[in-house]
Structures are given as C-alpha cells and as structure tokens.
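The block underneath contains the structure these notes are about, expressed in structure tokens.
Here, each number is a calculation from the coordinates, and none is a lab measurement. Note that this is a predicted model, so its numbers are computed, not measured. When we count neighbours, we look across all protein chains shown, and the Cβ atoms used for this are built from the backbone with ideal geometry, even at glycine.
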DNA sequence: ACCTGAACACCGTTCAAGT
DNA sequence: ACCTGAACACCGTTCAAGT
C-alpha cells in the first residue's frame, strides 16, 4: 500500500495562497488610495476575503505591505533618475526630478510623511529605496549647481524634504485637483515676481 | 438657627479646581513640546496629578485643550498682522508675515497639520482663529501684489498652505536646529540662482 | 461642584487550534 | 503549509459613584 503523498507539493494550496496575497495587495492599494496610508488593516483583510492573520502572515508590518505596493514605482523612479542624469539642460533635469519625486510622494495621503520618517530609520523596509532616491537627487543637484542652474547653497536633504513638503501641501485640500505641480513651480521660481516683471535700469 | 451656607460660593474648592486647570495646561504644554500634538492625554493627566476624567471635564476634546494653549499666541499673531498691514515695503511685510506664521506652526510637532485640517472644519475649536490668520495673509498678499512685490497669480490659500508646509518640512529632521527660516527663504527666493548669478546680455 | 478610576469601545497584533 | 478568529494589549473616552 502506498503512503499518503507527503512530499508532493500541494500546488492548489500554494496558488490559493498566492491569490490571497494578490487580493490583499489589490485591496490595500484601493484602501490606501481612498483613505491614505493609515487605512485599517482589518478592513483590507475583510475586503480581500481573508482573516486578519493571513494579512499579517504575508505582510508582517504596514511598512512591509507598503514596500511591496511601491516596489514597481521605486524601480520606475530609479530608471528615470538614471536617464535624467544624462539629460540637458541640468537645471531642467533637476526640475523634472523634483516633479517626479513629488508626484510619487503624492500617490497616497500620508506617504510624504512616511517617506521622510523612513529616511530616519535604517531598519525600515523602505529605507534602501528611500535612500536611493535621495542619492539620485544628490547627483542631479550637484550637476545643476555646477552648471549654475541651481542655488549653490542647496543640499540634497533640503531638496528631498521640499519635494515631499510640496506633496504634503497638495494633500491639504482634498477633493480638488492635484496641486503638486503648481506648488513645485512656486517653490522653484520663488514667490516674488519673475524677471519679466522687473524693469531693468 | 442659621441654615448651612448653601449660597456661599465655596472659594477653596473653586481655587482648587482652578489649580488643576492650570496644572493640566502646564503639563499639556510640556508634553506637546516634547512629543508633539498627539501626546497621550492620560500621561498629561497623570503628570498634572489629576484623574483622566478631570482633564476631560476641563477640556472635552484635544482641540479644546490646544485652543486654550494657543490662545495667547493667536492674539499675538493678530496684533502683528495688524501692524504689518501698515508696514513698508509691502513685499517685506508679507515675507515677515510668512515667517511669523510658519514659526507659529512649528511650535509643536503636528501643529501645521492640525491647523490645515482645522481650516476645513468649521466646527473645530480653532476654526475662527485659523480663519483670521488666513484672512490677515489675504490682505498682506493683496497689498504686496499691488506693489508688484509678490507674484500676481498667488492666492492666500496657497500662501497659508506653503507657510505651514515649511513648518512641516522643518519638523522632518528632529534633534537639529529649527530650519523653518531657511526653508522659507528658499521658498521665497526660489531654488534657481538669484539675479546676482545671472549674467545680463 | 468637582474629582476619580473602573468600565467601555476601538483597533492593531499575536497565537493556539484547525484544515 | 496555510488560514482563522478569539484573545490580548493598548489607549482614548465616558459615566456611575464618591467627596
């Protein structure tokens, strides 16, 4: 008589687990988009049709869930940064990077804040990605400064913080169109009238 | 025989209640300064030496507590706004106002966020004060715009939001000196090099 | 009148039991 | 191996009882 198949991988079970995983991600994405990054995990599990324990099994922390959710965007961002390093003029490349960074931080309410606090916590699941974005900005800034197209006294932490601050600002009037680009251009050009308003002697 | 003094105000009791009130305020101020606006109310009550119920009796909501705590600063701000309306040049008056507003929002961690969300909620205890600040900025902005010293396309909501965003930004690196003024000057002047860097044709 | 703290409510997290 | 949900922990809020 044969023993019960103890070593045969239970394929159906695995694929079922995979499905739970995908459902959880989809529901998390929807919930984060709607209610921000601190949406209830219990609600997400319920919407995905699994127990709360299953959510925790797949994603031991909220950050871990967020990390998976943002993984693709982070890859995109890194590719774009690499391209911008070669793009001209350097000042415009930097401006584009700021816009890309801020738009990303504005994806979910609360994300800008989370990215900033991640930068302070090496153990965070998002730390490496966040650090990489920060470093990319550093290079773009240095190049723009060498070309005389960005203030010489700026540093990359300020730049990263300001991009996130503009995303934060655009969260502050929900229900309206996204203001991130508008705030960025105010930041980039300053609040004083431009040179077109200035009458030269 | 005289009846027991039913109508005599029980002064000692009242002054004791008054003391509790003052202790609560002092401890709340300390806790908010240290841990931000969402510090535990239970801890504040304990530090003040009263039961949690006493805290709730005096301050039915966290916002009510915050409102009393900020009452004097709000008065100061309104006075300063009135003076700035008469100050010259209008562009500098506006810049000063932004600095004052942002410095206030940077008093406690989380305050900038609270002020912004207050502006959306008419029922909030802070709503009137917040609205007044917003209105003061409106006047200062209009005057600076008429003098050609502020971008013509700015509106006062953007201005208020940006001042708070700079306070938010300066919360993002705790343990260092306050960066609010630095961020404000970057915002005001823009990230591009100033005219001193520009070579005219 | 004022204060207290146990009780309640809510939500995030863990883990023993089940398949 | 994977899932479940009751149990636990935590913290903010209320309210019956006490002075």
*Note the full-extension length gain between residue A:78 and residue A:138 as 0.36 nm times their separation in residues minus their Cα-Cα distance, in nm to one decimal.*
20.3 nm
*Give the relative contact order (percent, whole number) for the stretch A:15-58; include only Cα pairs under 8 Å separated by 6+ residues.*
39 percent
*How long is chain A along each principal axis, judged by its Cα atoms, biggest number first, in Å?*
101, 36, 25
*What average number of partner chain Cβ atoms lie no more than 10 Å from the Cβ of the residues making up A:153-159?*
3
*Report the extension gain between residue A:57 and residue A:176 in nm, rounded to one decimal, defined as 0.36 nm multiplied by the number of residues separating them, less their alpha carbon distance.*
39.1 nm
*Crossing angle, helix A:11-35 versus chain A [Cα axis fit, 0-90 degrees, rounded to tens]*: 40 degrees
*Sort A:139-149, A:105-115 for me by packing, meaning the mean count of neighbouring Cβ atoms within 10 Å per residue, highest on top.*
A:105-115, A:139-149
*asked:* Quick check: the distance between the Cα centres of the stretch B:101-120 and the stretch A:67-120, to the nearest angstrom?
replied: 26 Å
_I'd like to know how the stretch A:33-111 sits against the 2.2 N^0.38 Å rule of thumb: what's its Cα Rg over that expected value?_
1.44
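Using Cα-Cα distances under 8 Å and only pairs 6 or more residues apart, what relative contact order does the stretch B:62-191 have, in percent?
31 percent
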_MRE, 222 nm, helices only [DSSP H, n ≥ 4, -39500 (n - 2.57), over the protein assembly as shown, to nearest 500]_ = -22000 deg cm²/dmol
_For chain A, take the longest principal axis of its alpha carbons; what is the angle in degrees between that and the long axis of helix A:62-85, to the nearest 10 within 0 to 90?_
40 degrees
_Across the identical copies, how the residue B:189 labels are spaced - nm, sorted shortest first, 7 Å along Cα→Cβ_ = 1.9
*To the nearest 10 degrees, how steeply does helix B:180-189 sit against the main Cα axis of chain B, on a 0 to 90 scale?*
30 degrees
*Across the residues of B:170-183, average count of Cβ atoms on other protein chains within 10 Å?*
3
*Tell me which B residue has its C-beta closest to the axis rotating B onto A, and the distance in Å?*
B:190, 1
*residue A:88 label points, 7 Å along Cα→Cβ, one per copy: pairwise distances from this copy to the rest in nm, shortest first?*
4.9
*Place the label 7 angstrom along Cα→C-beta at residue A:46 and in each other copy, then list the distances from the first to the rest in nm, shortest first.*
3.2
*Please report the base-10 log of the normalised intensity I(q)/I(0) for the protein assembly as shown, using a Debye sum with one equal scatterer per alpha carbon and no solvent, at each q in 0.15 (1/Å).*
-1.41
